[in-house]
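Each reported figure results from applying straightforward, stated rules to the coordinates on display, with no laboratory input. It should be emphasised that the depicted structure is a prediction, and the values quoted were computed from it without experimental measurement. Every residue, glycine as well, gets a Cβ built from its backbone with ideal geometry; the counts of neighbours run over all protein chains shown.
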Amino acid sequence: VESLAGRDLCSIADFSTIEVEAVLKLAHDVKARPMDYRWALDAKQMVMFFEKASLRTRLTFETAINTLGGSAIFVDQTQSPLGERESLADMSRNLERWVSLIVLRTYAHETITEMASYAACPVINALSDLEHPCQALADFLTLEQKFGTAKGLRFSYVGDGNNVCHSLMLTAAQLGAHCVVGSPKNYAPKADIVAQARAIANATGGSIELVSDPVAAVTGADAVYTDVCTSMGMEHEVTKRAPIFKPYQVNEALMAHAAPHAVFMHCLPAHRNAEVTDAVLDGPQSVVFDQAENRMHAQKALMLLLLGGAQNVRKEATK
Ligand code: CP
Ligand code: NVA
């Protein structure tokens, strides 16, 4: 898919259905035959600026680019938000002279879209307050591995209508899944993203449904997904949110309403025995560590396509 070379990934909706499918198709191949891609991004440099903590995203981007022959520079931005010392425009005019790829984890989503608008090289959203597109790619890679296809799957998200929820809804729509979000009043996903996801779903045969009853949300589900009820940056709301989200806990009783073959999913880190019980998180239906592994494979595929490295694979593989 040459159309992805040089592109940004700020929102997963920046990609068409065909483009998301292309990333996932390549991710399956990269996962199956990693050595074929060993030097596909030889000598490419990636820089990562993170305003928030990370385990999975940082490590999977670094392991991914290292094993493709490139390297990563990590800049801890947790003590000073991006754009404070120097404008995003000036930063990007510097960065594009040195690196091939910019990866950002921010509070404000606009920090990412603004950097993308200035920088000549691709910019990837590694989580913002609005979206987490790399997570959604890994999660639908996981679902395709478990079920063969995401098309027609009943995908249930229970909990806060947050960044992860937004990207999952959009990706479910792109891939023709039936997405049901069960969240408390005032914690539903953003209306404009719901509308955007519904417009996409109309074209793919998928659907987006919002409910407030957690049992209704998971009944008959092929996949039950939850995330923390208090995201990074909202820590001051922990005590307020805990009782509101209690009925939305994914426990064995709630999972019993899903299909018997249903998988349990979580982007991690989990607050154990808050949004999900140990029994579910550590139970036989849980695929949370497959999701975590797939972050690396999905991001390899993403970087290969954005940096145009996928074309060089066969040639480079003989090195
Ligand atoms: N799931 C995820 O993005 O994890 P980190 O916050 O540890 O990167
Ligand atoms: N919704 C969570 C996801 C963490 C990976 C957050 O933004 O903190």
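Points to keep in mind about this one:
- Rounded to 10°, Cα long-axis angle of helix 17-32 versus longest principal axis of the chain: 80
- Radius of gyration (Cα atoms) of the range 176-319, expressed as a multiple of 2.2 N^0.38 Å: 1.26.
- Over the chain, Cα pairs under 8 Å with separation of 6+ residues give a relative contact order of 22 percent.
- As a calculated quantity, the FRET efficiency between Q45 and K246 at R0 = 45 Å, using C-beta atoms, amounts to about 0.45.
- Percent of C-alpha pairs per 5 Å bin in the range 246-314, short distances first: 3, 15, 21, 17, 11, 9, 8, 8, 6, 2, 0.
- Highest mean first, the peptides 292-299, 213-220, 242-249 sorted by other C-beta atoms within 10 Å per residue fall in the order 292-299, 213-220, 242-249.
- In the range 88-211, Rg over Rh equals 1.05, where Rg is the alpha-carbon radius of gyration and Rh the Kirkwood radius from pairwise Cα distances.
- Rg [Å, one decimal], Dmax [Å, integer] - the chain, C-alpha atoms: 19.0, 58
- Against the rule of thumb 2.2 N^0.38 Å, how large the Cα Rg of the range 207-281 comes out: 1.10
- Virtual spin-label span in nm between T149 and W98, 7 Å along Cα→Cβ: 4.7
- When only alpha carbons of the range 54-122 are considered, Rg and Dmax amount to 12.4, 33 Å.
- Among 194-200, 76-82, sorting by the average number of other beta carbon atoms lying within 10 angstrom of each residue, highest first, gives 194-200, 76-82.
- Cα-derived Rg to Rh of the range 103-173, Kirkwood definition: 1.04
- Residues whose amide H lies under 5 Å from that of L307, counting only those 5 or more places away or on a different chain, are G6; hydrogens are built 1.01 Å from N in the peptide plane.
- Taking Cα atoms only, the orientation of helix 133-147 departs from the longest principal axis of the chain by about 60 degrees.
- Computed over the range 1-71, the percent of Cα pairs more than 15 Å apart is 66.
- Cα centroid separation, the range 195-255 to the range 137-185: 10 Å.
- Here the contact order of the range 152-233, divided by its residue count and restricted to Cα pairs under 8 Å and six or more residues apart, works out to 43 percent.
- Working from label points 7 Å from Cα in the Cα-to-Cβ sense, the L59 to D282 distance is 1.9 nm.
- Candidates R272, R85, R58, ranked by Gaussian network fluctuation over the chain, Cα under 10 Å, top entry: R85
- Distance distribution note for the range 1-136: the fraction of Cα pairs above 21 angstrom is 41%.
- Amide N proximity, the range 143-164 versus M234 label position 7 Å along Cα-to-Cβ, cut-off under 12 Å: 159-164
- Cα-based helix-to-principal-axis angle, 288-306 vs the chain, degrees rounded to 10: 40
- The overall shape of the range 171-254 is oblate: from the C-alpha gyration tensor, with semi-axes ordered a ≥ b ≥ c, the ratio a/c is 1.5 or greater and a/b is no larger than b/c.
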